[in-house]
Each structure stands twice: as structure tokens, then as C-alpha cells.
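Inspection log for the structure reproduced underneath, given as C-alpha cells.
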Amino acid sequence: MDIEEEIRALELDPPDVNGVSNQDAKMEDVVESKSLEEDVQTEETVKSNEMEEVKENTSAKEKEVSLADENEVEEDLELDRKRHLNVVFIGHVDAGKSTIGGQILFLSDQVDERTIQKYEKEAKDKSRESWYMAYIMDTNEEERVKGKTVEVGRAHFETETTRFTILDAPGHKSYVPNMISGASQADIGVLVISARKGEFETGYERGGQTREHVLLAKTLGVAKLLVVVNKMDEPTVKWSKERYDEIESKMAPFLKSSGYNVKKDVQFLPISGLHGVNMKTRVDKKVCPWWDGPCFFEILDTIEGPPRNPKDPFRMPIIDKFKDMGTTVMGKVESGTVREGDSLLLMPNKIQVKVTAVMCDENKVRSAGPGENLRVRISGIEEEDIMSGFVLSSIAKPIPSVSEFIAQLQILELLDNAIFTAGYKAVLHIHAVVEECEIIELLQQIDPKTRKPMKKKVLFVKNGAVILCRVQVNNLICIEKFSDFPQLGRFTLRTEGKTVAVGKVTDISSASN
């Protein structure tokens, strides 16, 4: 083998073909392979872009779907919510208000048998066997020892169509201011009357709490009244139709004179609160052959609540405040809707606050409408800077804060030898506000028959008079005209433990701040 052949054998590249050198062929291959790679890459990028677009679209759709689902869930929650009513129990001391409240909670399975047995034993030890049901509502020791409700008891129960908040108001005359704060939160009232011989008469006569409570309930906006004749199983009554009719015939004219339409807005009903007769189920004909009407729960289910508009400007008078993972305020929404994350104005201080949580009946909710009793957690203010009677209101249309207003007053019963004139001082109760006030000017007396102003100038008035006057308070208070927001424009005047007048705010424009 010669040297040339050896060299050829050692060369890695094949020899020239058709006059194209190995080097050129190699270059072409490289270019081709590169262009192929580029084509593949561009195809891949197009594909990946398409995939990403598809992914984005699907994720956007998924997001939309999930948001729609959330909205649907929220709407479902809103729709699932039953209507809500606040029921205040009013009446003379010892008529059986707390006992009926306790019995309602027991019958609606809010309290178990074992707790009842515990209360029964506790009441027996105090030689007060018949008080055990009241212990469910009267939780503190002072109330249990005396057998008198002091604070406004609060509890919740549900029927098939409605959620109820029970407000158990005190009946004793010393605690009427507490009763006023309870009734001012109510939509409907249950007036409890004892059928026991002597007890109805004591409550109904002058100085008895039955009369004052009815007047206050009407003034405070309790439009519908359910008059419950309790203790019908008493040995002195024994489900007597005569006794029931006697009570109804005495109460009906009085309720009419207090401003109630007896045929439309008042219903009477005989029950036994202690034993729960005619409450959840209708009374047995063997026990009470003459009663054909519905039972207590049936009436509560069909009773109409006041009209409400969730789109009105937000208003929530504050009845209480405490610290709980921040500042928390309690109150009843009088109008509008509140949502978590809302910015509101706390009046009369004009402090902007943010809603961080809304609690309704112990449950956390996203939003709540008018009539609901809420606990609202807010940020932007300390708990010690808030007082009862302050109002959470919408920023766009805040509640007016005034120190002077014009009102129409009806004088009920002045203290002995007192005359009502400019300079008269009293305690004003309006929604959750309790303030000292002074009448600074009597403007006009109104004829009770024609409801038109009298021409002669008025310097003083006596019991029964209706008067237009100017009222002044020491501190700024949040109120509305009665014609705009009835619940925030009606009030009572009290002096030395007695309700002397009831009234409504007619004008605030001149003093509005």
C-alpha cells in the first residue's frame, strides 16, 4: 500500500461528489439543520402561546364561574335568610313576662330539659317554685333573688318562617328607662296581663305599669300589639271566659285611646306561660272549650312587621359597646344595609370608621339589612370614645346632629301642681339617647279635635294638651324628622320616674349641624 492510499484511508470526510467539496456540503447541512430547528422552535412557541392563551381563557372563565358561584352562594344565603322581627315583652311587674320568654325558648328547643331541671331545683331552694322558667331570661343573681327583671333580657328563637329576637323588658316602675331602651328596638310588642284576681286591677289602675307601658310602646313605634292574658290556669281563674272577656272589654277602649287600631293592630289571646298552654300548640278543648282562635306561635308567624327599605341611607343607633378583638358596637339597623369593608361615619363626632366584621345572632355575616340586631366590629376609633345614642350612618347622607329642635308634644300627666311652660326641664329619651333637656319656647297650641294650631298665644299648658315647642339639649344628639325616619324622630319626656309627655320631632333644619 503506497503513502497516498494510507492518507486517503485516514481522511474522515468522504471524497468530493459531483464537484461539491466536503466543506461546502457540511456548511449546507448546518444551515438546513438550523432552519429546521428554527421552524420547530417557532412552531413550538406558537403552540405554547396558543396553550397559554387557552389556559388564560379557561382560568379567566374559571374565575368568572367561581365569582358567579360565590355571588350565587351569597345570594342564596341572603334569600335563605328568614324575615326577622324584634319582639318586646311589656307589662306590669309579675305579669309573667320572663316566664313566657323562658317557655318560648324551651318550646323552640333553645333550652334543654336538664337546664330546666337545674333551674327548677334552684327556684325550689329559694322557695319560689313558679319562678324557674323566668330564670332562663333573668340571668343575674339580683334578678333571681328579687324575682324582678332589671336589664332588658335578649334571646333568639326561630319558627318555620321567621327569626325572632325576644326583648324581655323590666316591668317595675324603677326600671322604666331600661324598658324604653328595649321597646325602642322592637317591631312588635307582647303586652302580658295577669288574669289572677287583683293582679290585673293593680297593673291597670292609675300608677300601674300596664298603662304606662302601652303608652310608651305606642310612642316608641311598636305598631302591632299582641295582648296575652296570662295565668289562665290560676285557681282564681280556671280558664274562665267571663274573666277573659272582662279584661278584654277594659283593655280595648284604653288601647284605642292610646292610639292603637284595636281591630287591625291588636290581638288578644289566653295562655298559661308557666305550663306552656296555648303557646306552641292550640289549647285542648277539655281545658278551654270556648277558645277557637290560634295559639301564640301561630299569631307570631302571621303578624306583619313594619315596612323596611334596605336601600335607604344607613342608620344604626348604638345601644352598647365593648372591646372584642377591636372596638365592637351593638345596635339595631333602623334603615339601609351594612357590609363588611364598608366605610361609615360615627355621628355626632363625625369620625370615619371601617367595618371589619358584622355579627348577627352570634353568626358572622357578609351583610345585614334593616331590622337586624347586630354586633359590628369597627376600626378607626377607640371604645371609650363611643357613647350610647351615637349613630353609625352612611357617609353620603349622614344623620343630622343638633342641640335644638322643634317638636310636637302631647302632655300626658304632669307632676302634682306642675305647669308646662318655657323653662320646663325633663329627661329626653329618643332611640338610644338619654339627655337632659329644657323647653325654651312654646310656639303654638294645637287643637286636639281639629289637629290645627290655635290662634291665641300660649304661655303655659296643662295635662292632655298638644303643643308645638322648641327643645334644647346640653350635648349634640343625632335625630331625624319624624316624617323622614319615624324610628329616629319620636321621643318621651320623663321627670322623677314618670313619663310626662310623648312627642315627635317636626323640624331640625334651623339647628342642624
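The values are calculated or read from the model by the stated rules, or taken from the named source; none is laboratory data. Quick caveat: nothing in here was measured; it's all calculated off a predicted structure. Note that we place each Cβ from the backbone using ideal geometry, even for glycine, and neighbour counts take in every protein chain shown. In case anyone asks, the SASA skips ligands and DNA or RNA and just uses the protein heavy atoms, side chains included. Shrake-Rupley method; radii C 1.70, N 1.55, O 1.52, S 1.80 Å.
The table below lists the values:
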| quantity | calculated |
| --- | --- |
| Segment residue 107-residue 154, extension gain: residue separation times 0.36 nm, minus the distance between their alpha carbons | 15.3 nm |
| Per residue value of the accessible surface for region 315-394 (all protein chains in place, 1.4 Å probe), Å² | 40 |
| Heavy-atom accessible surface of region 327-444: percent carbon and sulfur, 1.4 Å | 44 |
| Segment residue 320-residue 301, length gained on full extension (0.36 nm per residue, minus Cα span) | 3.9 nm |
| Residue-span extension gain [residue 125 to residue 457] - 0.36 nm each, minus C-alpha spacing | 113.1 nm |
| Region 259-344: trypsin sites (Lys or Arg not before Pro) in DSSP coil with no more than 14 other Cβ atoms inside 10 Å | 285, 286, 311 |
| Long-range tail of P(r) for region 251-296 (Cα pairs > 16 Å, %) | 48 |
| Residue 384-residue 340 FRET efficiency (beta carbon distance; Förster radius 30 Å; 0.05 resolution) | 0.80 |
| Solvent accessible area, Å² - residue 298, 1.4 Å probe, full protein context | 70 |
| Spacing of the two label points (7 Å from each Cα toward its C-beta) at residue 117 and residue 292, in nm | 4.3 |
| Values of log10 I(q)/I(0), in the order q = 0.14 Å⁻¹, for region 315-394 under a Debye, Cα-only, solvent-free model | -0.35 |
| For region 348-410 versus region 232-264, the gap between their alpha-carbon centres in whole angstrom | 40 |
| Label-to-label distance, nm, for residues given as residue 475 and residue 435 (7 Å Cα→Cβ offset) | 0.9 |
| Cα convex hull volume per residue for region 401-508 (Å³) | 95 |
| Spin-label zone in region 376-415 - amide nitrogen under 18 Å from a point set 7 Å from the Cα of residue 507 along the C-beta vector | 400-410 |
